[in-house]
Amino acid sequence: MTPFPSPQHAADLSRRRLLALGAGAATAAGLGGTALQTTRTATAAEPPPASTNVHFFYYPWYGSPSVHGSWRHWQQGEHQPPDDIGADFYPALGPYDAGDEAVVAQHMVWIRQAGVGVIATTWWGQGGYEDQRVPLLLDVAAQHGVRVAWHLEPYSGRTAASTVDDIRYLNDRYGSHPGFFRDPERGDRPAFYVFNSLQIADWSPLAAVNADNLVLTQTTDVSKATHFGGLYNYTNFGDLTGWKGIADWCRANGRVWAPSVSPSYLDDRAVPGNTTPELEHDDGATYDRLWSGALAPENGGPPDWVSITSFNEWHEGTMIEPASANPPAGHGYRTFDGAYGTTGAASETAYLDRTRYWVERFTAGQTSGG
């Protein structure tokens with residue numbers, strides 16, 4: 001298998017922010033036991049209720065020599081794992097393999113800790129690396145009360161017709177699994193986010209699958225959403241212009257509005273020389289501001305769903321998966337230290353805990369109708 005990054009993947013990663021138009025240095029070989037022990041401890045207590053109206057964008061594309069046979073994704077930007085990785089933060093689990101069952105189990109514990117009940121997993125085509133990770137992901141997610149939706153990416157040769165075929169493939173192959181997400185409030189239909197959908201002008205072929213599926217387009221331009229079941233934006237730099245109009249249009253036309261919120265954006269280690277602006281954490285103020293904006297009545301809130309960018313997109317620094325408070329020295333890594341007044345080890349899970357706070361507020365707002 002050709003190692004990542006391929007030119008298209010690298011280009012797609014560096015463009016993500018532009019396309020929303022309209023435990024220390026653990027080695028990969030040592031992660032399994034550490035993650036499993038953490039999982040057993042974390043699952044001893046009953047996890048908080050999980051909202052199926054809040055979705056994490058999730059990335060199972062990471063690989064390590066101990067599981068995959070070589071590094072995958074962590075070396076982006078010509079870095080040399082395990083100490084030197086293509087991200088400005090360092091995972092609390094170290095550079096892990098998403099095919100390690102113990103790692104996936106720990107992820108699900110953390111996702112439930114955040115009060116989130118659905119992950120939208122990145123997916124790059126039938127039989128691809130990310131598709132091969134789906135069976136394990138579904139099994140472990142189901143064990144932890146998490147459901148799996150789909151983030152359909154712009155693989156080479158993707159068309160509207162191939163997307164219809166992909167939706168049918170995912171339904172046929174995985175649709176009977178208990179971990180497969182179906183929205184109980186919308187006819188038990190599964191959800192498919194279509195990233196970079198504006199690359200394709202004519203999406204009319206979706207008429208063949210729309211009745212039984214919720215297919216969302218990545219745009220804030222409702223004129224581009226005619227053939228879709230909803231909208232999301234993925235990247236959010238704080239511009240909420242037009243959100244009330246989007247929410248109103250979705251309600252009037254039976255569509256789902258799933259605005260995206262993020263804690264930050266920083267990709268300079270993964271994409272050397274990139275000049276895109278950064279979105280600083282500001283000790284959590286950024287995340288609070290975007291969540292508050294998404295739920296505010298003046299912006300059309302509360303929306304149908306909230307999509308969170310992201311659980312573990314480390315290359316772009318949008319993740320709220322715990323980041324090590326003591327990363328390997330000499331590489332200039334940042335940490336979550338200071339987030340919501342936390343320091344040291346307590347800061348590692350600060351964004352998980354804050355997500356739970358916002359999920360509870362969102363859920364209460366939907367229940368009360370405002």
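Condition test on Leu198, is it open to solvent by 50 Å² or more (accessible area, probe 1.4 Å), in a helix (DSSP H, G or I) and either within 18 Å of Tyr232 (Cβ to Cβ) or at pLDDT below 95 (or both)?
Values: open to solvent by 50 Å² or more (accessible area, probe 1.4 Å): yes; in a helix (DSSP H, G or I): yes; either within 18 Å of Tyr232 (Cβ to Cβ) or at pLDDT below 95 (or both): yes.
Against the criterion (open to solvent by 50 Å² or more (accessible area, probe 1.4 Å), in a helix (DSSP H, G or I) and either within 18 Å of Tyr232 (Cβ to Cβ) or at pLDDT below 95 (or both)), Leu198 qualifies.
Right, Phe362: part of a loop (DSSP other than H, G, I, E, B) and on the phi < 0 side of the Ramachandran plot or not? When the stated conditions are applied, Phe362 does not pass them. Does any residue of region 119-133 turn out to be crowded, with 17+ Cβ neighbours inside 10 Å, touching a helix residue (DSSP H, G or I) at 6+ places or on another chain (Cβ under 6 Å) and among the aliphatic types (A, V, I, L, M)? Within region 119-133, not a single residue is crowded, with 17+ Cβ neighbours inside 10 Å, touching a helix residue (DSSP H, G or I) at 6+ places or on another chain (Cβ under 6 Å) and among the aliphatic types (A, V, I, L, M). The numbered conditions (1) in a helix (DSSP H, G or I); (2) under 26 Å from Thr220 (Cα atoms) are all true for Ser307 except (1).
Quickly run through region 139-152 and pick out the residues that are touching a helix residue (DSSP H, G or I) at 6+ places or on another chain (Cβ under 7 Å) and either open to solvent by 50 Å² or more (accessible area, probe 1.4 Å) or among the charged types (D, E, K, R) (or both). Don't jump to the end; show me each part of the working.
From region 139-152, those touching a helix residue (DSSP H, G or I) at 6+ places or on another chain (Cβ under 7 Å) are 140-141, 144-148, 150, 152; that's our starting set.
The one that is touching a helix residue (DSSP H, G or I) at 6+ places or on another chain (Cβ under 7 Å) and either open to solvent by 50 Å² or more (accessible area, probe 1.4 Å) or among the charged types (D, E, K, R) (or both): Arg147.
The residue that is surrounded by the most Cβ atoms within 10 Å (Cβ to Cβ), counting only those in region 153-187 that are in contact with a Pro (Cβ under 8 Å, 6 or more places away or on another chain) and charged (D, E, K, R), is Asp183.
Considering each residue of region 254-285, count those that are open to solvent by less than 30 Å² (accessible area, probe 1.4 Å), more than 30 Å from Asn213 (Cβ to Cβ), of a type in the set (A, V, I, L, M) and outside any loop (DSSP other than H, G, I, E, B), and give that number. The total comes to 1. Can you pull out every residue in region 310-346 that is open to solvent by 50 Å² or more (accessible area, probe 1.4 Å) and outside any loop (DSSP other than H, G, I, E, B)? Arg334, Tyr340, Gly341, Ala345, Ala346, listed by residue number.
If you go through region 216-223 one residue at a time, do you hit one that is open to solvent by 10 Å² or more (accessible area, probe 1.4 Å), in contact with a Gly (Cβ under 8 Å, 6 or more places away or on another chain), over 22 Å from Leu290 (Cβ atoms) and of a type in the set (Ser, Thr, Tyr)? Show your work before the answer.
Here is the first cut: in region 216-223, the residues open to solvent by 10 Å² or more (accessible area, probe 1.4 Å) are 220-223.
With the extra rule that they be in contact with a Gly (Cβ under 8 Å, 6 or more places away or on another chain), the set shrinks to 220-223.
Filter once more, keeping what is over 22 Å from Leu290 (Cβ atoms): 223.
Okay, now just the ones that are also of a type in the set (Ser, Thr, Tyr), so 223.
So far as region 216-223 goes, yes, one or more of its residues are open to solvent by 10 Å² or more (accessible area, probe 1.4 Å), in contact with a Gly (Cβ under 8 Å, 6 or more places away or on another chain), over 22 Å from Leu290 (Cβ atoms) and of a type in the set (Ser, Thr, Tyr).
Of the residues contained in region 347-369, none is found to be surrounded by fewer than 20 Cβ atoms within 10 Å (Cβ to Cβ), β-branched (Val, Ile, Thr) and over 25 Å from Phe57 (Cα atoms).
Can Val67 be described as in contact with an Asp or Glu (Cβ under 9 Å, 6 or more places away or on another chain) and among the hydrophobic types (A, V, I, L, M, F, W, C)? Criteria met by Val67. Listed by first and then second residue, the pairs linking a residue in region 51-73 that is in a loop (DSSP other than H, G, I, E, B) to a residue that is open to solvent by 50 Å² or more (accessible area, probe 1.4 Å), with Cβ atoms under 6 Å apart and 6 or more places separating them unless they lie on different chains, are Ser66/Ala29.
The values are calculated or read from the model by the stated rules, or taken from the named source; none is laboratory data. These numbers come from a predicted model, not from an experiment. We place every Cβ from the backbone using ideal geometry, glycine too, and count neighbours over all the protein chains shown. Only protein heavy atoms, including side chains, enter the accessible area calculation; ligands, DNA and RNA are left aside. Shrake-Rupley method; radii C 1.70, N 1.55, O 1.52, S 1.80 Å.
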